[in-house]
Amino acid sequence: MAEWAASVPTDGSVELPPDPRTMEAIGRNHSFETALADLVDNSVDADATHVLIRFVRDQGRLCSLYVVDNGHGIGPERIDEAMTVGGRRAYGEADLGWFGLGLKAASFSQANQLTLLSRAKEAPAVGRRWRIDDAKTRFLCDTVPESFAEHELEQDRGLPDTGSGTIVRWDQVGGFPATDNESHVERFVSQKVVDASNHLGLVFHRIIESGRVTIVFDVQDARSTSPSSPIEVESINPFDYHRTGATGFPKDLKAAGDRSLTFRCHIWPPRSTARQFKLGGRPADHQGMYFYRRDRLLQPGGWEGVHAPHPKLQLARVEVEIDRDAEALLRMNPEKSRVQVRPEFSHACESARAEDGTSFSDYFAQAVRVYEAGNKRRKTRKPMIRPGRGFSPGLRDTIDAEIEALGADPVDIRWRDFDDDRFFDIDRTEQTIWLNKRYRKMLLGDRHAGLNDLPLLKTMIYLLMEDVFQGDYLGSRDKDNIELWKSLLTTAVRAERR
Ligand SMILES: Nc1ncnc2c1ncn2[C@@H]1O[C@H](COP(=O)(O)OP(=O)(O)OP(=O)(O)O)[C@@H](O)[C@H]1O
Ligand SMILES: [Mg+2]
């Protein structure tokens, strides 16, 4: 072999700017939901307290989408950088932005036209528009007259006024139905709102829970002044269980080495039906690592090679914070919807230990044991009739998780006026346990009355009496029990009143 040159010699350079057609390639991995999340990222970075996502209809047909925020806005000196593909700025410690791509990539993945209108405090309104067809050939961005930008920004859309804010507007949205059929469009919008709320509620759950931002959806008819009533995005916290599945968990497993990386390993209680456990799919699909960067969820689940997904591992979820140290082991994709792990990541997992010595394989074994025990225990328990109205939703979830449900109608527990001082009555035709309203105020103390009030008392009554709602008729033993409970509980509640 000829002598090998350690470096390549050059004899000049030519400038090769990217062909504008590269614009077509960006954002290809976005869905409608992830694209919206990218825009909300920018609003959060701009310290917006409110973000409105508005579908605009004209003569029945969906024509545009607006994402409006009341953040600090963009001044005339920064608007061009904001519209530049890859126009990176100096990012702060807590900023979600990183690539200088999000706004453009997210928008062109969904729409042919992107308009950015913004106003910083005490600055004139500014506007720019990209049309994908122009961008593909010339990289020429249109400027929008100040008067139009100002007019749009001045409209009251129900966001608290901060004196600044930004509108991102999409036109010619590829995914919108090309019909003006009212019921079709309505169904489309409601489905999109549900899907997008679920995604945003999960991705931004920490940021929503901390009260930093409120995100709402609405629909506006271009020819009417009043929009539909707003639907607020609720946070969906994938670690929000009522009770841990195993004592001692969650456990923090710390990777060895000089890079600090902590895996907070959780075990969900078995067979939960909670929305934040199911996450709109089968529970087994959502096991694994949940990567957060600056409180924004990048990836909901997946074992990243540490383990193969397994139905028996469905209770195992791990919180991982990506800070500067961890960035050496992981990379996020530009859509911020996944992370890619580097080879060192699996070493970090292998080396990770809790203070008590627990390793990842111990954790997996424990999660499997909890799952198996939950399945077995649930099968050996006597099935019960589900609690219905009057019980807190949390109780219903827990009971679903613990016990097989009987097919019968659920048992309700409710308050009504009695003409005597009995504490409760059993109504088998209505499947209802009636509680005597005259004791309600006293039992509540200074708490508010509500459909699901007094959960502890109601749960104890349910445990005691659920049995008598089973079967076609009341046996003599049941009847006698009911008389006994009436006598005892009425005496007790009277004593309490005194
Ligand atoms: N809603 C907004 N409010 C204020 N400034 C914004 C808003 N949206 C975009 N910007 C400005 O435009 C810039 C470009 O946004 P873009 O999403 O394309 O990139 P980025 O947020 O910097 O990085 P990333 O690609 O990681 O999202 C932002 O850095 C910010 O300065
Ligand atoms: Mg961004």
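The values are calculated or read from the model by the stated rules, or taken from the named source; none is laboratory data. The model shown is predicted, which means the values in this text are computed figures rather than measured ones. Note: ideal-geometry Cβ built from the backbone for every residue, glycine included; neighbour counts use all protein chains shown.
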Residues satisfying the stated conditions in the range 435-465, i.e. in contact with a strand residue (DSSP E or B) (Cβ under 6 Å, 6 or more places away or on another chain) and over 30 Å from PRO383 (Cβ atoms): LYS437, ARG440
Residues within the range 81-102 that are more than 7 Å from ligand 1 (Cβ to nearest atom) and on the phi > 0 side of the Ramachandran plot, tallied: 1
Only listed residue being within 16 Å of ligand 1 (Cβ to nearest atom) and out of contact with any Asp or Glu (no Cβ under 7 Å at 6 or more places or on another chain), chosen from ASP45, ASP58, ASP41: ASP41
Single unsatisfied condition, ASN112 versus (1) more than 7 Å from ligand 1 (Cβ to nearest atom); (2) buried (at least 23 other Cβ atoms within 10 Å of the Cβ); (3) more than 16 Å from ASP38 (Cα to Cα); (4) among the polar types (S, T, N, Q): (2)
Residue tally, condition of a type in the set (S, T, N, Q) and over 14 Å from PRO387 (Cα atoms), over the range 412-454: 2
Check on VAL51, more than 10 Å from ligand 2 (Cβ to nearest atom), of a type in the set (A, V, I, L, M, F, W, C), surrounded by 23 or more Cβ atoms within 10 Å (Cβ to Cβ) and under 23 Å from PRO145 (Cβ atoms): no
Subset of the range 24-57 [in contact with a strand residue (DSSP E or B) (Cβ under 8 Å, 6 or more places away or on another chain), outside any helix (DSSP H, G or I) and aliphatic (A, V, I, L, M)]: ALA46, ALA48, VAL51, LEU52, ILE53, VAL56
Cβ-Cβ under 8 Å pairs, at least 6 apart or on other chains, the range 106-119 side under 16 Å from ILE26 (Cβ atoms), far side basic (Lys, Arg) and buried (at least 23 other Cβ atoms within 10 Å of the Cβ): LEU114/LYS104
Selected residue (only one of LEU474, LEU457 is surrounded by 13 or more Cβ atoms within 10 Å (Cβ to Cβ), in the same structural domain as ASP397 (by TED's automatic domain parsing) and under 22 Å from PRO393 (Cβ atoms)): LEU457
Residue among ARG28, ARG21, ARG88 that is surrounded by fewer than 14 Cβ atoms within 10 Å (Cβ to Cβ) and within 13 Å of ligand 2 (Cβ to nearest atom): ARG88
Where PHE99 falls short, out of the listed (1) in a helix (DSSP H, G or I); (2) within 11 Å of ligand 2 (Cβ to nearest atom); (3) in contact with a Lys or Arg (Cβ under 8 Å, 6 or more places away or on another chain): (1)
Residue within the range 71-80 that is crowded, with 22+ Cβ neighbours inside 10 Å, within 8 Å of ligand 1 (Cβ to nearest atom), in a helix (DSSP H, G or I) and not hydrophobic (A, V, I, L, M, F, W, C) present: no
Enumerated helices (runs of 4 or more DSSP H) restricted to the range 115-232, each holding at least 3 residues that are under 29 Å from PRO76 (Cα atoms): 132-137, 146-154
